[in-house]
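Just so it is clear, none of the values below were taken in a lab; they were calculated from the coordinates. Small disclaimer: the values here were computed from a predicted structure and weren't measured. Here the Cβ positions follow ideal geometry from the backbone for every residue, glycine too, while neighbour counts run over all protein chains shown.
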Amino acid sequence: MPKITIDNKEYAFEGQPKLLQFCLDHGVELPHFCYHPALSVPANCRQCLVEVGMPVRDRETGEISRNDDGEPIVRWGPKMTTSCSVDMADGMAVRTHRSSELVEQAQRDNLEFLLVNHPLDCPICDQAGHCPLQNQTYKYGPEGSRFEFRKVQKPKKVVLGPRVMLDGERCINCTRCTRFTDEVSKSHQLTIIERGVKNYPMTPPGEVFDDPYSMNVIDICPVGALTSIDFRFRARIWEMSSAPSITVTNAKGANCSYWVRDNLVLRITPRANPHINDYWLPDEDRATYARFNEQRPDGPRIRGDEGLQPADWETAYARASELLGSADGSNILFLGSPHATVEDNYLLCKLAAALGASPPAYIPHVKPGAGDGWLITDDKAPNAEGCRRLGVRPVDPALVRARLEAGEIAALYALEDDPVASGLFQAAEIQDIPVVLHTYHTTNETLAAADVALPAAMVVETVGSYVSEDGHAQRVWPAKAIRGVNRTLRMEMGVSRLDSHGTPFDRWHNAANQVQCKPSWEMLPNIARGLGLEWADASPKEIMREIAQHLGAFEGATYENMGSSGVRLTEIGTLA
Amino acid sequence: MSDFIKHPVVSLPDRAPEPVFSKEELVFTEAEKEQIEAFRAQYPTPESAVMKTFWLAQEKFGFLPPEVIRLAADTLGIPFSLAYGVATFYTQYYKAQKGKYVLDVCTCFSCQLCGGYDMLRYLEEKLDIREGETTEDGLFTIQGAECLGACGTAPMLQVTNGPYVHNLSREKLDALIDALKAGKKPPFVSVTLPQDEDDLGGNRRSDAEATEVGQTPPAAETFE
C-alpha cells in the first residue's frame, strides 16, 4: 500500500485522495476556508499551504536514494503548495505548520492578508462563535493588525433573496457560495462581481437568490458574510444547544440539528449524512421551526358540559380508556399517522389488535408534483414508509365514509394527525361518537369534535424512529425539554445534548417554554392499562428492539444499528 | 485609483436596472451568430468564448448593459451570472455608456513618476471634465488606468481599448484631441529602442503603421 509521511509520521493510503482531505480524515488539522469536501477545489484562499516533497530516485536504477541513516532523501518543492489541490503519491513527504516554520509563517501572513479588509465586528456578527475565520485567526493568525489605512467599505445588509442576506465587507471571496449554486443546486444565481479589493458575491441584475436550497450557502460560508434573514440577531451560538435529529417536513429523512435556547427551537441546520442528504438541507425544511414553539397545547383536555376543559393526565387517560371500553372493539376506527414515530404507530397497532379492531390506517399527506427528485419529496410527512412497513395502510376515504354512514364507527382514535383538516370527516359528523385525539397543536381542527385531547410530543421532544421514503430507518434525540418527568427522555437528553445546555444541571436550564405534553409511547400504555390490558411501560429503544425482532420489514432496525446515520432497511418487495 | 484609496467605498450596483436597449434592438445578426459559433468552436467549453463574444457585443452596442450581457450569455448557452461576473471583472468592458473616444491615461507607478497625473489633469482641464466623466458632446471620456504595460514609453494613454499613444506631452495631447475631433484615430505605433539606431538601423518593424524611437521619459511635476 502506498505511504505518505506527514510531519515525520508515516500514513498508508488507498486510492488517490487529496492531501487536505486525507489530513482532515486522519486528525491532522490544517486551516482552510475555500475547500469543502462536496465542492470543487479552487485553491483560492491559500490558507492550507504546506511544504511537499518527493523522494530522490536514482536515475539509473529508479531506487530511492537514502542518506547515511537509511532515511530517504527528500527533494522539497521550491515553494509551498495548497494541500487541498495536491494529489497524494507514494513516498510523498509533507511538512505542515507543526514541523515547518515556513508554513507557520505563511499561514499567519495569509490570515493577515485576509483580515486586511475584514471588519472587526465579531461582537455583533451572527457567525461569531462558530466562525472558521475567527477560530483560525485565534489559532494561526497574527496577534494584531499592522494595517493603518481605511478599510474598504462594501455593501452591507444586501437582501440577496427572500432568505439570505449579504454583508459584503465580511466576505473573503472563498467562492463556496457561488460554487454551491453552480455545482450542487445548479441554479447559477450567484457570482463574484468586480475585481481585486472590490469583489464580493452578488446576484446578477434582475435576479433574486430564491433557490429552494439557498440557505445552504449560509452554512458553508466560512465567515459571517451570508446570514439568514430569519435568524439574524436572534441568538448567539453559545447560548443555544443542538441535538442531532432528522427533518419531518417531508419523507426524505434529511439529517439535521435542531438549535434550541430556553426550550424554543430557533433554527434548523443540516447534519452531514452521506446516505441521504450529504451536507445539504432544503430551505423548506428549515422554515418550519416555529411549529415546534407556537400554538402548542398546555396539558390534556376532556370534553365536559362546557366544551374541552383542562384535566390532569390520569383523568384524561381514564376517560380515554372509558370511552374506548364502552364501544365495541371492532367498531373503533384507529388512525395511525405518518407524522408519528414507528414506535407510536406500532403501539397503536397493538392496541387495535388487542381490542379486536381492524388494523389502523393512516392519512397520507402527499402533494403530487411538490418534490424535486432530490431532498424535497411529494410526501409531506416523514414516516409513511414506516407505517407501510408496520402494516398501516393509507386510509380509504370511501370505505370510512361507508362505515360511518352505516353506523359502524362507534369511536375514533386518531394518533398525531388531523382527520378533519385533511378532509376525512366533517367535524359535525363525528361530534356524536367518542374521539380520542393525540395532537401537536391547538389549531388542530379535530379538536372541535374531540372528547379527549392528549398533547403529543413532537419530533424535537421525543425519542423514536422514522423510515424515509427510501427505506432508511433513523432515530431522533430530544432537542428540548417538556414539562414533567420522563426518565427515558431525560437520559436521552443527556446523550443528545452533549454540551448539556438546558439540562437541569446547568445554569442555562430554564423551565420557560416547556410544553405540557407527553410522547405517545408513554400515553398509549397508560390507556391500554385502563382497558385492562397488561402493558408495561417500555422505552422506544425496547419497543424498537421488539419491532426489529418480530417484523421482517424492520430487520436490523435497532437503535444500536441505527446510530446517528441510520440504517437502510431491506426493500419490502424483496423480503421472502 | 487614488480616489479609491482616499474613499474606499464600493457601491452596490443597480439590482433592477431599466433596460437601455429594446427587445427589437437586442439581437445578433446571422453573421454575428456565426462568428460567435466560431468563437465557441475554438474552446473545449462554451464558457471560454464569453470574452470574445463580449468584445463583439461591445463593438455592436457600444457598451454592455445587463441585457446585452444576458444576450451574450444566452447566445453562448452559459449562465447569466457567470457572464455578469466576467463582464464586471474587466474594466475594458464598459458597463455604462462612454464617450466615442475613451482616453485611458495610465497613472500606475512608472507613468505616475514620469508625469501620468500631469497628463491626466491637463486633459481634465482641456476638456473641462473630471476623471471618469464624459464630455457633453459625447466625444471623450477620460479615465485613469492601471498599468497598461508600456512603462518604457511613459507617460502614455490608450484610446478606446485600441491604439496606444506614447511619450505624452501637452503638445501631443493637443494634437491628439484635434485629430480625434476630426475623426482621425491615432495609428498603431511601434516604438523602437534608441540603442538599436546605431547597430541595427533602428530595427523597425515593416508591418507597423507608424514607428517612433524611444526616448528618455520626463520626470513628473506632481504626484498623487
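What to note about this one:
- Counting only Cβ charges, +1 for Lys and Arg and -1 for Asp and Glu, the dipole size of chain B around its Cα centre is about 400 debye.
- Couplings for region B:146-158, taken from phi via the Karplus curve 6.51 cos²θ - 1.76 cosθ + 1.60 with θ = phi - 60°, read 7, 3, 9, x, 10, 4, x, 10, 5, x, 8, 9, 10 Hz in order; Gly and Pro are left as x.
- For A:THR61, A:THR247, order by how many other beta-carbon atoms lie within 10 Å, fewest first: A:THR61, A:THR247
- The length gained by stretching the chain between A:ASN44 and A:ASP25 to full extension, at 0.36 nm per residue less their Cα-Cα distance, is 4.7 nm.
- Derived scalar couplings ³J(HN,Hα) [region B:197-208; Karplus, 6.51 cos²θ - 1.76 cosθ + 1.60; whole Hz; x for Gly, Pro]: 4, 6, 7, 10, x, x, 6, 7, 6, 8, 8, 7
- Net charge dipole size for region B:20-89 [Lys, Arg +1 and Asp, Glu -1 on Cβ; Debye, nearest 20]: 180
- Theoretical FRET efficiency, 1/(1+(r/R0)^6), r = Cβ-Cβ of A:ARG236 and A:ARG529, R0 45 Å, to 0.05: 0.50
- Taking a ≥ b ≥ c as the square roots of the eigenvalues of the Cα gyration tensor, the protein assembly as shown is classed as prolate, since a/c reaches at least 1.5 and a/b is larger than b/c.
- Rounded, prolate or oblate (a/c below 1.5 giving rounded, otherwise prolate when a/b exceeds b/c) for region A:416-575 by Cα gyration tensor: oblate
- Computed from point charges on the beta carbon alone (+1 for Lys and Arg, -1 for Asp and Glu), the dipole magnitude for the protein assembly as shown about its Cα centre is near 940 Debye.
- Contour excess over end-to-end distance, with Cα ends at A:VAL56 and A:GLN426 and 0.36 nm allotted per residue: 124.9 nm
- Summary of the geometry: region A:1-72 and region B:65-109, compared by the centres of their Cα atoms, lie 41 Å apart.
- Annotation: lysines with alpha-carbon distance below 18 angstrom to A:LYS156 (same-chain offsets under eight excluded): A:LYS198.
- The relative contact order of region A:3-114, computed from alpha carbon pairs under 8 Å that lie at least 6 residues apart in sequence, is 35 percent.
- Restricting region A:106-160 to trypsin sites (Lys or Arg not before Pro) in coil, as DSSP defines it, with at most 16 other Cβ within 10 Å: A:ARG146, A:ARG150, A:LYS151, A:LYS156, A:LYS157
- Within-13-Å neighbourhood charge of A:VAL159 [Cβ basis; K, R +1; D, E -1]: +1
- Expected 222 nm ellipticity per residue - DSSP helices of 4 or more, -39500 (n - 2.57), all of chain A, to 500: -6000 deg cm²/dmol
- With R₀ set to 41 Å, the beta-carbon distance separating B:SER48 from A:ALA370 gives a calculated FRET efficiency near 0.60.
- In loop segments of region B:115-177 as defined by DSSP, the trypsin sites (Lys or Arg not before Pro) with at most 11 further C-beta atoms inside 10 Å of their C-beta are B:ARG130.
- Summed residue charge, Cβ within 15 Å of A:ASP210's Cβ, Lys/Arg positive, Asp/Glu negative: -2
- Amide H within-cut-off set for B:VAL102, under 5 Å, with H built and near neighbours excluded: B:THR141, B:THR160
- Whole-number percent relative contact order across chain A, with pairs defined as alpha carbons under 8 Å at least 6 apart: 11
- Positive-pole candidate from B:CYS106, B:SER206, B:GLY149, dipole of region B:101-213, charges at beta carbon: B:SER206
- Among B:LEU139, A:LEU348, sorting on how many other beta-carbon atoms sit within 10 Å of each Cβ, with the fewest leading, yields B:LEU139, A:LEU348.
- Loop-located trypsin sites (Lys or Arg not before Pro) in region B:178-224 (DSSP state other than H, G, I, E, B) with a sparse environment of at most 13 neighbouring Cβ atoms within 10 Å: B:LYS184, B:ARG205.
- Distance violations [Cα-Cα > 31 Å] among A:LYS186/B:LYS33; A:LYS157/B:LYS6; A:LYS79/A:LYS154: A:LYS79/A:LYS154
- Helix-only [θ]222 nm of chain B, DSSP H runs n ≥ 4, -39500 (n - 2.57) each, per residue, nearest 500: -10500 deg cm²/dmol
- Counted charge near A:ALA272, where neighbours are those whose Cβ lies closer than 11 Å (Asp, Glu -1; Lys, Arg +1): -1
- Scanning residues 5 or more positions from B:VAL9 or on other chains, those with amide H under 5 Å from its amide H are A:GLN153, with H placed 1.01 Å from N in the peptide plane.
- Cα gyration tensor shape for region B:20-89, rounded if a/c is under 1.5, else prolate or oblate: oblate
- Approximating the spin labels as points 7 Å out from Cα along Cα→Cβ, the A:GLU101-to-A:ARG490 distance works out to 5.8 nm.
- Spatially proximal lysines relative to B:LYS100 (Cα-Cα < 22 Å; intrachain offsets below 8 disregarded): B:LYS52, B:LYS60, B:LYS126, B:LYS172, B:LYS181, B:LYS184, B:LYS185
- Chain B: relative contact order in percent, alpha carbon pairs under 8 Å with at least 6 residues between: 16
- Hz values of 3J(HN,Hα) by residue in region B:95-109 - Karplus curve (6.51, -1.76, 1.60), Gly and Pro given as x: 8, 10, 4, 10, x, 4, 10, 9, 9, 8, 8, 6, 10, 6, 3
- Reachable aspartates and glutamates from A:LYS3, criterion Cα separation under 15 angstrom, eight or more residues apart if same chain: A:GLU14, A:GLU71, A:ASP87, A:ASP90
- Inter-centroid distance (Cα atoms) of region A:131-180 relative to region A:369-426, Å: 48
- Dipole orientation for the protein assembly as shown: of the candidates A:ALA38, A:THR81, A:GLN134, A:GLN134 has the Cα lying most toward the positive pole (charges on Cβ; Lys, Arg +1; Asp, Glu -1).
- Cut-off under 5 Å, modelled amide H: who pairs with B:VAL189 long-range: B:TYR164
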